[in-house]
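What follows is a short report on a single structure.
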Amino acid sequence: MKKLSLSQLPALFAAIAEKETLYLPVDAEGGARFERFTEGKTLTGELNTVRSAKDFFFPQTENLAEFKMEGKNIEVIDPRTETEDFVVFGVRACDARSFSILDKVFLVDPVDTYYKNRREHGTIVSLACTRPHETCFCQTFGIDATDPEGDVTAWKTDDAIYFEAKTEKGDRLLANLSDLIEEADDTAVKEQKEAVKKVMDRLPLKSLTTEGFGGDVMMEKFNAPEWKSLSEACLGCGTCTFVCPTCQCYDIRDFNTGHGIKRFRCWDSCMYSDFTKMAHGNPRTSQLERFRQRFMHKLVYFPANNEGEFGCVGCGRCLAKCPISMNIVKVMRTLGGKKA
Amino acid sequence: MSDMKETLIPQVVTVTDIRVETPDVKTFRIVTPEGKKPFEHIPGQCAMLSVPGVGEAMISITSSPTNKEFMEFSIKECGCLTTWLHSMDVGQQITIRGPYGNGFPVDTAFKGKDLLFIAGGIGLAPLRSVINYVRDKRADYGHVDIVYGSRSKDDLVDYKEIMEEWCNTEGVDVHLTIDREQEGWDGHVGFVPNYVKELGFDVNKTAIICGPPIMIKFTLAGLQEIGFDKTQVYTTMELRMKCGIGKCGRCNIGSKYVCKDGPVFRCDELDELPNEY
């Protein structure tokens, strides 16, 4: 384990940013967000960013291809230039897990090379949680907020920040910082873990379980009558999918720039009415069906295809942001549990 | 599929022939700028066709893989992209990526079997690929029946090929039907599901259905009535698709992605999925 005095944190950021692009969560209007580090920027005191960290690997919009049209002829251009190496500092345990969930979508055959390219160039420094919120329920999905996944895991105490490399990428990053960080024993980290775990035991969503969900209850859950009352107030605004770290549905659209066509991939939402609309009809015409699709995907379909892993990390963003206060916790409490 | 390095970046192909099939269906023949077929495929597989700036859509490949020269797509005019395609001329370039999907089990489950093809309207497009594959490898399959129906005689796709080639292939029986009486038509009149029941096929056959959802539903019910089991019946599905590789989420039904795990399903497999197609 390595250690850095907290007062040295700006120097550490500067040292990382000297070699690679560094992103970190900073305070901004409306809440914390990831920004590119420049001198003077400091780590937010907020627990987490308003938006998830999925943008780093699956940006909200991205240029997939370009086309030059001349008469009857078309020229196809791959717009990608080599992606630069970057470091994302301060990713929380929930968002760190979301990357491995997104990997199960984008890195399975046939591989999404846009995503893969970014994954390969990015180094994740995750930051253990010290003050989890009442909307947090990562424990439900077996995530340890006191020991998050990542290339490097960091723990921030009152006077220091501790690091542990967990991958080769992480080793390389810490090796580059050897002038700043020093060897340390893990006593302080252990103490913090124990203290935070006590807090987590008292979280209001501590008792939430995945019991009753999984890949083997597909038709039973699909046909549950409760979807009607659960979805009744849903506005279909898509905010939940927008802030969700694991929602990965996308649209592909062309834009005529006036001097060529640009093809973009943009985030989309299964909550929208035109998501499945075809020239001859729409298989999901009601908000009930669209609402059900989103939760069935996370709690049943995704685990069916991924050895029981759920498509939710318990970050709580949808709890905080849904305008009608509907969320996955209510769905799980209504449809899950022992009554299955 | 895994050997395709950039699956979301299409390649350019040139339209070398446009055949008017019906008032709203045309068949487009395409080759690469070098004059070659863009890629190999399995009958039942699809490809993403696009006119940049207009749109991109998943279309079933209607030509047989045994055709080594070119690839064909029979396309009904019904949306932005298809309307644009219908108004273009020979020589136009478009883009293609694929092939996508599982295709029909032509070299496994279908082998040696008597095959019963049942199509309605533009639903013949994906089946034509299998029918011509089977005709080209005639010795590998048993007797072939083709039941094909459309609204009118003028709406029968591939009419010339059906009459001149399919009807003259040994071991192939073609049964055509149209929805309503029409002058100059002395064939059968009536809907496909009823016609299938009237014809009353041997229940040892393997059936392959494609057409409007309502036709598939009633035909499957009709086949079950005359003794077919769902495990003997295959169909191919259509849903909105954007990526073709099971990632964009649009064609997700239950634990399946129609673009990747389908579009071909055995009808008993559909029973295990939510009815959202």
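With 5 Å bins beginning at zero, the pair-distance distribution over Cα atoms of the stretch A:239-279 amounts to 6, 20, 22, 19, 16, 11, 6, 0 %. With θ taken as phi - 60° and the Karplus curve 6.51 cos²θ - 1.76 cosθ + 1.60 applied, the whole-hertz 3J(HN,Hα) list for the stretch B:151-156 is 4, 9, 4, 5, 9, 7 Hz, x standing for glycine and proline.
Using a Förster distance of 56 angstrom, determine the FRET efficiency expected from the C-beta separation of A:Leu6 and A:Ile77, and round it to 0.05.
Using R0 = 56 Å, I get an efficiency of 0.70.
Using the Karplus relation 6.51 cos²θ - 1.76 cosθ + 1.60 with θ = phi - 60°, the per-residue 3J(HN,Hα) values for the stretch A:87-100 come to 10, 10, 9, x, 7, 7, 4, 5, 5, 4, 5, 4, 5, 6 Hz, with x marking Gly and Pro. Radius of gyration over Kirkwood radius for the stretch B:115-236, both on Cα atoms: the Rg/Rh ratio is 0.93. For the stretch A:215-339, relative contact order (Cα pairs under 8 Å, six or more residues apart, normalised by length) works out to 31 percent.
Most tightly packed first, judged by the mean number of other beta-carbon atoms within 10 Å of their residues, the peptides A:110-121, B:194-205 read A:110-121, B:194-205.
Given the options A:Val217, A:Val87, A:Val50, which has the most mean-square fluctuation in a GNM of chain A, springs set between C-alpha atoms less than 10 angstrom apart? Checking each option, the largest mean-square fluctuation is seen for A:Val217.
Counting only DSSP beta bridges whose two residues both lie in the protein assembly as shown, roughly 65 percent are antiparallel.
Scalar couplings 3J(HN,Hα) for the stretch A:275-284, obtained by applying the Karplus form with A = 6.51, B = -1.76, C = 1.60 to θ = phi - 60°, are 4, 10, 6, 10, 4, 9, x, 9, x, 10 Hz; x denotes Gly and Pro. Once backbone amide H atoms are built at 1.01 Å from N, A:Val91 has A:Val125, A:Ser126, A:Leu127 as its partners under 5 Å, excluding neighbours fewer than 5 places away on the same chain.
With q set to 0.23 Å⁻¹, the log10 of I(q)/I(0) for the stretch B:11-100, from the Debye formula over equal scatterers at the Cα positions, is -1.23.
Sum up the charges of everything whose Cβ sits under 12 Å from the Cβ of A:Pro59, counting Lys and Arg as +1 and Asp and Glu as -1, but leave A:Pro59 out. Computed value for this residue: +2.
Secondary structure note: in chain A, about 75% of the DSSP beta bridges are antiparallel. Normalised by the number of residues in the stretch B:115-236, the mean separation of alpha-carbon contacts (under 8 Å, six or more apart) gives a relative contact order of 29 percent. With the gyration tensor restricted to C-alpha atoms of the protein assembly as shown, the semi-axes of the equivalent ellipsoid amount to 53, 28, 20 Å, longest first. Tell me the mean residue ellipticity at 222 nm calculated for the protein assembly as shown from its helices only (DSSP H runs of n ≥ 4, each -39500 (n - 2.57), averaged over every residue, nearest 500). Rounded to the nearest 500, the figure is -6500 deg cm²/dmol.
Give me log10 I(q)/I(0) at q = 0.18 Å⁻¹ for the stretch A:215-339, Debye formula, one equal scatterer per alpha-carbon, no solvent. Here the Debye-derived log intensity ratios amount to -1.03. When the alpha carbon gyration tensor of the stretch A:62-193 is reduced to an equivalent ellipsoid, the three semi-axes, largest first, read 38, 19, 11 Å. Given A:Lys72/A:Lys262; A:Lys277/B:Lys230; A:Lys193/A:Lys330; A:Lys277/B:Lys111; A:Lys104/A:Lys221; A:Lys54/B:Lys256, which pairs have Cα atoms separated by over 26 Å? Too far apart for the 26 Å limit: A:Lys277/B:Lys230; A:Lys193/A:Lys330; A:Lys277/B:Lys111.
One way to sum up the overall shape of chain B is the equivalent ellipsoid from its Cα gyration tensor, whose semi-axes run 28, 22, 18 Å, largest first.
For the peptides B:165-177, A:137-149, residues were scored by their other Cβ atoms within 10 Å and the scores averaged per peptide; the highest-first order is A:137-149, B:165-177. Within 10 Å of the Cβ of each residue in B:85-94, the mean number of Cβ atoms contributed by other protein chains is 2. Tell me the net charge near A:Val300. Cut-off is 15 Å between Cβ atoms, A:Val300 excluded, with +1 for each Lys or Arg and -1 for each Asp or Glu. Around A:Val300, the charge tally is -4. Scaling against 2.2 N^0.38 Å puts the C-alpha radius of gyration of chain A at 1.07. Among B:244-257, A:123-136, sorting by the average number of other beta carbon atoms lying within 10 angstrom of each residue, highest first, gives B:244-257, A:123-136. Remark on A:Phe37: its backbone amide H falls under 5 Å from those of A:Leu22, A:Tyr23, A:Leu24, a criterion applied only to residues 5 or more positions apart or on other chains, H modelled at 1.01 Å from N.
Here the stretch A:20-93 was treated as a single set of alpha-carbon atoms; its pair distances binned every 10 Å from 0 give 16, 37, 22, 14, 9, 2 percent. Averaged over the residues of peptide A:66-75, the number of Cβ atoms from other protein chains lying within 10 Å of each residue's Cβ is 5.
Summarising the overall dimensions of the stretch B:65-184 from its C-alpha atoms, the Rg and Dmax are 16.0, 43 angstrom.
Rule-based calculations on the coordinates, nothing more; no lab input. Keep in mind that what you see is a predicted model, and the values were worked out from it rather than measured. Methodologically, a virtual Cβ is constructed for each residue, glycine included, from the backbone with ideal geometry; neighbour enumeration extends over all protein chains shown.
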